Amino acid sequence: MARLVLLHSPFVGPASWGGVAAELSRRGHAVTTPVWPRLEPIPDNFYRTLAQDMAAQIETGEGAPILVAHSGGGALIPALEAALATAPAGVILVDAILPHPGKAWLETAPPQLALQLRNGVDAGLLPPWDQWWPPGALERLVPDAAARTALVSELEGLPLDYLEEQAPAMTLSSPAAYLQLSGAYDDEGQYAVRQGWPVVRLPLHHLAMLTHAEAVAGAIDGLAARLPHA
């Protein structure tokens with residue numbers, strides 16, 4: 001079985017993985033859900049700081065990990081690969097943005113969202129992630145109140161500086177696979193197909209880890225087996 005490190009988006013917290021970690025553990029994998037450091041106290045060099053902190057957590061385990069990154073966590077993978085003393089066995093991107101070397105996150109976002117976020121900045125901070133969306137959107141995606149409360153409890157105001165920092169000039173170096181959960185990530189899924197990566201598409205939604213843990217865990221399990229290392 002594999003050593004799977006489930007990486008949440010830096011915009012949310014590890015509760016976003018819901019019951020997926022438990023399901024993957026039940027299937028026999030060694031699973032951890034480490035936490036990215038809070039963004040707000042970081043003065044600059046976000047990518048390097050996040051990667052070094054996360055690498056220190058991952059290196060306490062044994063064996064080369066498969067990094068499983070959701071959403072905004074995808075952009076941090078090249079910096080994390082570089083920070084790890086032992087190269088990952090592979091990477092699985094889950095409804096995740098792709099690395100964007102030399103570009104800021106805001107440059108990759110839809111223009112309307114980028115404008116909305118810039119207009120919402122207060123003292124250098126954007127509102128927490130759940131406030132980026134229309135009222136009721138999160139409730140529709142995650143009807144379970146307990147799961148939703150756990151997700152929201154981990155949110156924080158996000159520094160605009162992070163979204164404006166250019167990503168390091170690095171690309172993925174590990175064998176990769178892609179799990180697409182929503183139509184918003186069609187371009188990323190198509191890119192993965194063109195690269196010849198193993199790809200699974202589940203017609204669910206961006207936070208399906210919280211509502212369809214068994215299906216998501218099953219897809220991750222299958223993709224881990226299809227990575228070239230396996």
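If R0 is taken as 35 Å, the Cβ-Cβ distance between A184 and E62 corresponds to a FRET efficiency of 0.45. When both bridge partners sit in the range 3-226, DSSP labels roughly 15% of those beta bridges antiparallel. Out of residues 5 or more away from L7 or on other chains, whose amide H comes under 5 Å of its own, with H placed 1.01 Å from N in the peptide plane? Correct list: V68, A69, H70.
Charge dipole (Cα centre; +1 on Lys/Arg Cβ, -1 on Asp/Glu Cβ; no other charges) of the range 3-226 amounts to roughly 540 debye. Counting only DSSP H runs of at least 4 residues, each contributing -39500 (n - 2.57), and dividing by the residue count of the chain, the helix-based mean residue ellipticity at 222 nm comes to -10000 deg cm²/dmol.
Here the dipole of the range 1-55 is about 260 debye; that uses its Cα centre as origin and unit charges on the Cβ of Lys and Arg (positive) and Asp and Glu (negative). Phi angles across the range 84-90 convert, under the Karplus curve 6.51 cos²θ - 1.76 cosθ + 1.60 with θ = phi - 60°, into 3J(HN,Hα) values of 7, 5, 10, 4, x, 6, x Hz, Gly and Pro given as x. Pair-distance distribution P(r) for the range 3-226, from all Cα-Cα distances in 10 Å bins starting at 0: 8, 35, 40, 16, 1 percent.
Packing here is the average count of other Cβ atoms within 10 Å per residue, and on that basis the peptides 137-143, 78-84, highest first, run 78-84, 137-143. Could you work out how far the C-alpha centroid of the range 71-108 sits from that of the range 56-70, in angstrom? One Cα centre to the other: 14 Å. Apply the a/c threshold of 1.5 to the C-alpha gyration tensor of the range 99-189 and tell me whether it is rounded, prolate or oblate. Taking the square roots of the gyration eigenvalues as a ≥ b ≥ c, the range 99-189 is oblate.
Since every read-out is calculated from the coordinates, none of them should be taken as a lab result. As the structure is a computational prediction, the values presented were derived from the model and not from experiment. For neighbour counting, all protein chains shown are included, and Cβ atoms are generated from backbone atoms with ideal geometry for every residue, glycine included.
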